[in-house]
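A.B. asks: Sharing a structure below in structure tokens format, with a few things to ask.
The values are calculated or read from the model by the stated rules, or taken from the named source; none is laboratory data. Everything numeric here is computed off the predicted structure, so don't read it as measured data. All Cβ positions, even for glycine, are placed from backbone atoms using ideal geometry, and neighbour counts span all protein chains on display.
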Amino acid sequence: MSSVAGVVETEGVSCADARSVVRSVLLEVCCGLPLPRAQRLRDDALLVVSELTANALLHAGGVTRFTASLQGDELQLRVSDGSREVPRRLSTGHGLPGGYGWMVVQRLCSRLDVEVEQDGKTITAALALN
């Protein structure tokens, strides 16, 4: 499988920008998948990237770098922000709306890594293509 990548390196990355990059990257791979699998992969990837970029915007001052790429049998989504705080699940019953996005991301991804760096963190979310 060829390596296709979409990279946005700016602090002005919105959720819509990131979703657009993911759609572009998936165009090549989804052509070879059965329709139900292609639709599920697209939907899962768009939900994951929406959650990760929205959390970066809401809790970490914004996205500093975003990359979507095909690596082997995975779609890799990398979202960097300026916070060193690692995402965590909120306890249920906290009485506030929201707080379930990280749990959804964990369930949809085949692999999820958080790398804390000097100037923030990078979350790599991988979704299996098969």
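A.B. asks: Got a number for residues in the range 31-83 being outside any helix (DSSP H, G or I) and among the β-branched types (Val, Ile, Thr)?
C.D. replies: Going through the range 31-83 one residue at a time, the tally reaches 4.
A.B. asks: Continuing with the same structure: Which count do you get for residues in the range 78-130 that are at pLDDT 90 or above and of a type in the set (Ser, Thr, Tyr)?
C.D. replies: Residues that pass the stated criteria total 5.
Here is a yes/no grid of residues against (1) out of contact with any Leu (no Cβ under 9 Å at 6 or more places or on another chain); (2) surrounded by fewer than 17 Cβ atoms within 10 Å (Cβ to Cβ); (3) closer than 17 Å to Gly101 by Cβ:
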{"site": "Ala18", "(1), (2), (3)": "no, no, yes"}
{"site": "Arg23", "(1), (2), (3)": "no, yes, no"}
{"site": "Leu26", "(1), (2), (3)": "no, no, no"}
{"site": "Asp43", "(1), (2), (3)": "yes, yes, yes"}
{"site": "Val48", "(1), (2), (3)": "no, no, yes"}
{"site": "Leu52", "(1), (2), (3)": "no, no, yes"}
{"site": "Val63", "(1), (2), (3)": "no, no, yes"}
{"site": "Ser69", "(1), (2), (3)": "no, yes, no"}
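A.B. asks: Taking interchain pairs and intrachain pairs at least six residues apart, which have beta carbon atoms under 6 angstrom, with the first residue in the range 98-120 and closer than 14 Å to Ala54 by Cβ and the second assigned to a helix (DSSP H, G or I) and hydrophobic (A, V, I, L, M, F, W, C)?
C.D. replies: Val105/Val48
A.B. asks: Turning to a different aspect of this structure: Answer with yes or no whether Ala68 is touching a Cys at 6+ places or on another chain (Cβ under 7 Å), under 26 Å from Cys30 (Cα atoms) and modelled with pLDDT of 90 or more.
C.D. replies: The answer is no for Ala68.
A.B. asks: For the range 27-65, what are the residues that are touching a strand residue (DSSP E or B) at 6+ places or on another chain (Cβ under 7 Å) and closer than 21 Å to Arg107 by Cα?
C.D. replies: Those that are touching a strand residue (DSSP E or B) at 6+ places or on another chain (Cβ under 7 Å) and closer than 21 Å to Arg107 by Cα: Leu41, Asp44, Ala45, Val48, Val49, Leu52, Thr53, Ala56.
A.B. asks: State the number of residues belonging to the range 32-46 that are of a type in the set (A, V, I, L, M, F, W, C) and more than 8 Å from the chain's Cα centre (by Cα).
C.D. replies: Taking the range 32-46 as the starting set, the residues that turn out to be of a type in the set (A, V, I, L, M, F, W, C) are 33, 35, 38, 41, 45-46.
With more than 8 Å from the chain's Cα centre (by Cα) added as a condition, the list becomes 33, 35, 38, 41.
Qualifying residue count, the range 32-46: 4.
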